[in-house]
Amino acid sequence: MIGKLIRSLKQRALYYLEVYRDSRRYLGACDWAGAPKRNRSVHLLGDIIRKYHVVEKALAMPEFRPGSAADVVKSLILDLEVWETLPNHDVESISQISAAHGVLGSYLKRHQELNFDVSETFVNFQPKEGSDTQVGGANPYAINQELDWSGLKKLLRGRRSLRSFDVSRIPTPEVLHSIARTALKSPSVCNRQTGRLHVFTGEKVIQLLEYQTGNRGFGHQVPVLFVVTSDMRFFLSRKERNQPGIDGGLFALQTVLAIQSEGMGSVCLNWCVDYNSDLKLREIAEIPEHENVIMLIGCGYPSSEALSPISQRYPAEAILTIH
Ligand SMILES: Cc1cc2nc3c(=O)[nH]c(=O)nc-3n(C[C@H](O)[C@H](O)[C@H](O)COP(=O)(O)O)c2cc1C
């Protein structure tokens, strides 16, 4: 009886310790009142993306209201002015800052077309010369409808996990880039795009999989390993504490489908580990502290004799409640 109680208390304490460590890592990265200054420019970039997204959505509303989102536009302009004073404008930020200018350009253009004066909102600010309204704003949904979606259901229902790979074939860097481009089309909260992919081949795969618990019997043959993470610096305060897992999970699924679209197969590999195993993987894979590891994905071309478990699904009625 006493033994059971002690075991239960110990498990409880260990659980809270894990939660505390996760929270400490999250608070060290995300944007909140006590955030360390080192992440200031990324937090600002996150603010800019969130704000331009609000304006972009306003531009796409079924009934556009002239002057709507003016406060957000003003605040976005202030952020962009601060941004210009900061160093380190990297690849990640360049695309998003030009999107922000594109959104403001589209906003101005829409109001000019409607003959609605927004000069008070744009005092002393002009979207960057040549800012491209194709990278920010709203365009007809019909452009997406023109795509041929007919085979998608069949493809989604046809995907299966692959655990038997052709070890002689490694995807080229072009293919890996193509996977990343497709994965980036995953939806994310306010388009903050926090999903990150770390790719490994060869000996590193073996080293990393040593800390993963579900690859017995096939791990040694995995040609390419993705470590999927979410950059927590783009999340806001305690309210978004679960968002890395949500956005990261969606991003991981899109990565799985992207791999499939390149003629390869994949297997999701859980990252259900304790703090120490997580630390080990971070060290070997050189994952920065501000990224949260979501899961791993083994990937490669299928071997000619690959088998796959049937993995029977529930009937739809079992999981669907139409209220
Ligand atoms: C988050 C996650 C973690 C998983 N971890 C493992 C794993 O560690 N080892 C493994 O062999 N399969 C793993 N899988 C794959 C599942 O077993 C598989 O997706 C499920 O049985 C359905 O089969 P299917 O993918 O072939 O449709 C994982 C799947 C997910 C989504």
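The values are calculated or read from the model by the stated rules, or taken from the named source; none is laboratory data. Nothing here was measured: the structure is a model prediction, and the numbers come from that model. Note that each Cβ is placed from the backbone with ideal geometry, even for glycine, and that neighbours are counted across all protein chains shown.
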Screening 188, 164, 178 for residues that are surrounded by 18 or more Cβ atoms within 10 Å (Cβ to Cβ) and under 30 Å from residue 52 (Cα atoms) leaves only 188
Matching residues in the range 153-193 (assigned to a helix (DSSP H, G or I), touching a residue at least 12 places away in the same chain (Cβ under 8 Å) and over 22 Å from the mean Cα position of the chain (by Cα)) number 1
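Each row is one residue, and each column tells you yes or no for (1) of a type in the set (A, V, I, L, M); (2) under 24 Å from residue 309 (Cα atoms).
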| residue | (1), (2) |
| --- | --- |
| 167 | yes, yes |
| 173 | no, no |
| 181 | no, no |
| 207 | no, no |
| 214 | no, yes |
| 247 | no, no |
| 253 | yes, yes |
| 258 | yes, yes |
Those residues of the range 7-34 that are at pLDDT below 95 and either among the hydrophobic types (A, V, I, L, M, F, W, C) or touching a His at 6+ places or on another chain (Cβ under 9 Å) (or both) come to a total of 1
Within the range 25-47, residues crowded, with 16+ Cβ neighbours inside 10 Å and more than 23 Å from residue 95 (Cα to Cα) come out as 25, 26, 27, 28, 35
Within the range 300-322, the count of residues that are touching a strand residue (DSSP E or B) at 6+ places or on another chain (Cβ under 9 Å) and within 11 Å of the ligand (Cβ to nearest atom) comes to 3
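Kindly indicate whether residue 50 is surrounded by fewer than 17 Cβ atoms within 10 Å (Cβ to Cβ) and either in the same structural domain as residue 102 (by TED's automatic domain parsing) or among the charged types (D, E, K, R) (or both).
Working: surrounded by fewer than 17 Cβ atoms within 10 Å (Cβ to Cβ): no; either in the same structural domain as residue 102 (by TED's automatic domain parsing) or among the charged types (D, E, K, R) (or both): yes.
No, not satisfied.
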Restricting the range 1-18 to residues that are among the charged types (D, E, K, R) and farther than 17 Å from residue 274 by Cα, the one surrounded by the most Cβ atoms within 10 Å (Cβ to Cβ) turns out to be 7
Of the residues in the range 34-71, those that are closer than 30 Å to residue 23 by Cβ and part of a helix (DSSP H, G or I) number 18
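Taking the range 213-242, which residues are more than 22 Å from residue 200 (Cβ to Cβ) and not small (Gly, Ala, Ser)?
Narrowing the range 213-242 to residues more than 22 Å from residue 200 (Cβ to Cβ): 233-242.
Across the range 213-242, the qualifying residues are 233, 234, 235, 236, 238, 239, 240, 241, 242.
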Selection from the range 99-114 of residues over 17 Å from residue 65 (Cα atoms) and of a type in the set (A, V, I, L, M) yields 99, 100
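Residue-wise test of (1) under 30 Å from residue 237 (Cα atoms); (2) surrounded by fewer than 15 Cβ atoms within 10 Å (Cβ to Cβ); (3) more than 24 Å from the chain's Cα centre (by Cα); (4) modelled with pLDDT of 95 or more.
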| site | (1), (2), (3), (4) |
| --- | --- |
| 251 | yes, no, no, yes |
| 261 | no, yes, no, yes |
| 270 | yes, yes, no, yes |
| 279 | yes, yes, no, yes |
| 288 | yes, yes, no, yes |
| 295 | yes, no, no, yes |
| 301 | no, no, yes, yes |
